[in-house]
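Just so you know, all these numbers are worked out from the coordinates, no wet-lab data involved. Quantities reported herein were computed from a predicted structural model and do not represent experimental measurements. Counting neighbours? That spans all protein chains shown, and the Cβs are built from the backbone with ideal geometry, glycine included.
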Amino acid sequence: MNEEPYRWLEAVENRREYVREQLKGGSPTFGVKLPDGILLVAIGSGNSKVFELFDRHALAALGHPADIEKIRQAAIDAAHMEAFTRAPEDVSLRRLVGFGLSPQLKTNFEQIFSAPFLIEMLLAELHNDPANDLLVRLHFDGSFEFATTPVTVVGAHPEPEKAAQTWLNAQLAGKTDREQIIDTLLQAWWVMRENKSFTAPPSEEERRNGWREATKDRVLEIGWLDRKLKRPARFVWLSGDKFGTK
Amino acid sequence: MTEQIAGDFLSLLASRQLPVLSAERAFTAHNASPNAPVQTQATTVFAFHYKDGVLMGGDRRATAGNIIVTDKVDKVIDIDATSILAIAGVPATAFEMARVMQTSFEYYRRSQLQNLSLPAKVRALARLLRENLPMTMQGVGVVVPLFAGLDTQTNPPQPLIFFYDPLGAQFQAVGYAASGSGSGSIRSILSYQEKYGSPKPSEMNLQQAVQFTLRLLMTASEFDAATGGINPETNTYATIKILDADGVRTISAEEQSGFLKAK
């Protein structure tokens, strides 16, 4: 098969379809750049979708738990190795993604006789100046984009992801209240989960009741990279209690 | 004359016919090989239990022989959100130990999604000291640190103090611990205050504990040239950190100045 370009292309395309099919039921995750920090939100089972990577770095992902774990460990290893051999200030998302994670994911995706990573993810890097904050959307095939808008969505499929991102960026423009922002993100989560449209979305009340009902037995994972914290490790967990989830 | 206690580090040196590291000489360059460079060292660091947790303080002077290298060294270092290290001895080795601990504790917490236990943290420092034994024996890398960490197995979490010998033996301090060339006088005062003082260190509130700390350092600097003490006129204060159930907090120079002036 390797000697025949057409069959190789077909195999890669089949692989792409297979990954998207496997990710279909994945629960979307969200990242928002704010003046005081970066917010990462997901609905999971606790320590399952949002993770601290390093002092100013965090990860939010959807996909197979084993694959999330592999990527998370690789990112943590690389970040700590860099910090120890150079300095914590030298750990950068550009290097971590561009020279570490992305090439590995691409190689793995194109090795058509090995199992692909079933993962879609978002990585965040906090800076002292909010203008320098980074959100990077990294895909299962190793391709990545640096976010140019405050809100970035991680979905299983590109179309609903893009629609949710556009809707959220419009809804959250200029807003800084974290509770309000989390509520809106969860409304978008419910709309995506129910495969409803963002062009004519259900009413706000329906969306809010929807996510509250859907998250009853699940854990709201809220990670916050706090710009105001004085210690090196800026990642903190925010409680989802006030939102009525665990 | 150094007291010999069977099985301790000093007895080991004596049995090998090696120069004995006395409490005073351990923090001077007298034990070093004649070819060894002059070391930057000497210190007074200590920790004691006060009413709300543990306070760890240290002077900020580094010396090399009779030269004062700087009066701006931080010898009390945050290792992570729930542990602090106070270093006495050779900074080159001690700072590297702190860096190894910072990286490995945080790496464990992030990768395993749980904090490293306090016994494991205490042993990690013991292992680093043991691995440093060749340098200690050569007299060019002796480190005798203090460590404070939060025991999360108790409810509420309890801050504990540990001290070490240069070989890596670890001991839990009941009320206080001190290390460095100026620690002799500090230990005497702490012992006196604990037995006869009012309030005892363990009964002091934060303001009293910080005041007591600054006075301890001023006293130590009167008897030990290698201890910097504090100087309010030049805004030179100590490094003071507190550890309580909420974690580590640094007492800034401004706060220390305020506490010192308070009645």
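For B:S188 and A:H127, a Förster radius of 41 Å and the Cβ-Cβ distance give a FRET efficiency of 0.25, rounded to the nearest 0.05. Classify region A:95-246 as rounded, prolate or oblate, taking a ≥ b ≥ c as the square roots of the eigenvalues of its Cα gyration tensor: rounded when a/c is under 1.5, otherwise prolate if a/b is larger than b/c and oblate if not. Because a/c hits 1.5 or more and a/b fails to exceed b/c, region A:95-246 counts as oblate.
Around the amide H of B:I230, modelled in the peptide plane, lie the amide H atoms of B:M218, all under 5 Å away and 5 or more residues distant in sequence or on another chain. Backbone phi angles across region A:128-140, fed through the Karplus curve with coefficients 6.51, -1.76 and 1.60 (θ = phi - 60°), yield HN-Hα couplings of 5, 9, x, 5, 9, 4, 10, 10, 10, 9, 10, 9, 4 Hz in residue order; Gly and Pro are listed as x. Placing a label point 7 Å from the Cα of B:I68 along the Cα-to-Cβ direction, the residues of region B:229-263 with a backbone N closer than 18 Å are B:229-239. The longest part of chain B holding none of the exposed loop GluC sites (Glu not before Pro), meaning those outside H, G, I, E and B in DSSP with at most 15 other Cβ atoms within 10 Å, is B:25-263.
Provide the FRET efficiency to the nearest 0.05 for the A:E110-A:A66 pair, computing r from the beta carbons and using R0 = 22 Å. It would help to have the intermediate numbers written out before the result.
Working: r = 20 Å, r/R0 = 0.92.
After rounding to 0.05, the efficiency reads 0.60.
Residue by residue along A:65-74, Cβ atoms of other protein chains within 10 Å of the local Cβ number 1 on average. What residue among B:L217, B:L85, B:L113 shows peak mean-square fluctuation when chain B is described by a Gaussian network model with Cα springs under 10 Å? Greatest mean-square fluctuation among the candidates belongs to B:L113.
Which lysines have a Cα lying under 20 Å from the Cα of B:K195, excluding residues fewer than 8 positions away in the same chain? Straight-line reach from B:K195, under 20 Å: B:K51.
Length available on full extension from A:T85 to A:D217: 0.36 nm per residue minus the Cα-Cα distance, which gives 43.2 nm. Counting other Cβ atoms within 10 Å as a rough exposure proxy, the listed residues A:W211, A:W8 run A:W8, A:W211 from fewest neighbours to most.
Restricting to lysines 8 or more places apart or on different chains, can you count the pairs in region A:141-233 with Cα atoms under 28 Å from each other? Numbers along the way, then the final one.
On the way: A:K162/A:K175; A:K162/A:K196; A:K162/A:K216; A:K175/A:K196; A:K175/A:K216; A:K175/A:K228; A:K175/A:K230; A:K196/A:K216.
Count of close lysine pairs: 8.
A Gaussian network model of chain A, with springs between Cα atoms under 10 Å, assigns the largest mean-square fluctuation among A:K230, A:K162, A:K70 to A:K230.
State whether the protein assembly as shown is rounded, prolate or oblate according to the following rule on the C-alpha gyration tensor (a ≥ b ≥ c being the square roots of its eigenvalues): a/c under 1.5 gives rounded; otherwise a/b larger than b/c gives prolate, and the remaining case gives oblate. Since a/c reaches 1.5 and a/b is larger than b/c, the shape of the protein assembly as shown is classed as prolate.
Here the Karplus curve 6.51 cos²θ - 1.76 cosθ + 1.60, taken at θ = phi - 60°, turns the phi angles of region B:97-109 into couplings of 4, 4, 5, 4, 5, 4, 5, 6, 5, 5, 4, 4, 4 Hz, with x standing for Gly and Pro. Between A:W237 and B:Q208, the distance separating the two model label sites (each 7 Å from Cα on the Cα→Cβ line) works out to 3.7 nm. Spin-label model, A:E4/B:Q170: points 7 Å from Cα along the beta carbon direction are separated by 6.3 nm.
Note on A:F146 and B:D52: the model spin-label points, each 7 Å out from Cα along the C-beta direction, lie 4.3 nm apart.
Which FRET efficiency value, to the nearest 0.05, is calculated for B:A225 and A:K230 with the Förster distance at 45 angstrom and r the Cβ-Cβ distance? Before the final figure, lay out each step's value.
Values: r = 34 Å, r/R0 = 0.76.
After rounding to 0.05, the efficiency reads 0.85.
Structural descriptor for chain A: relative contact order 25 percent, calculated from alpha carbon pairs under 8 angstrom and at least 6 residues apart.
Length gain on complete extension for the stretch B:K263 to B:T236, per 0.36 nm per residue less the alpha carbon to alpha carbon distance?
Working: separation 27, 0.36 × 27 = 9.72 nm, distance 2.05 nm.
Stretched out fully, the B:K263 to B:T236 stretch lengthens by 7.7 nm.
Which of B:G247, B:G89, B:G197 ends up with the largest GNM mean-square fluctuation for chain B, with Cα atoms connected below 10 Å? Highest fluctuation of the listed residues: B:G197.
Using a ≥ b ≥ c from the Cα gyration tensor of region A:169-227 (square roots of the eigenvalues), is it rounded, prolate or oblate, where a/c under 1.5 gives rounded and otherwise the larger of a/b and b/c decides, a/b for prolate?
On the way: a/c = 2.16, a/b = 1.23, b/c = 1.75.
Oblate, since a/c reaches 1.5 and b/c is not below a/b.
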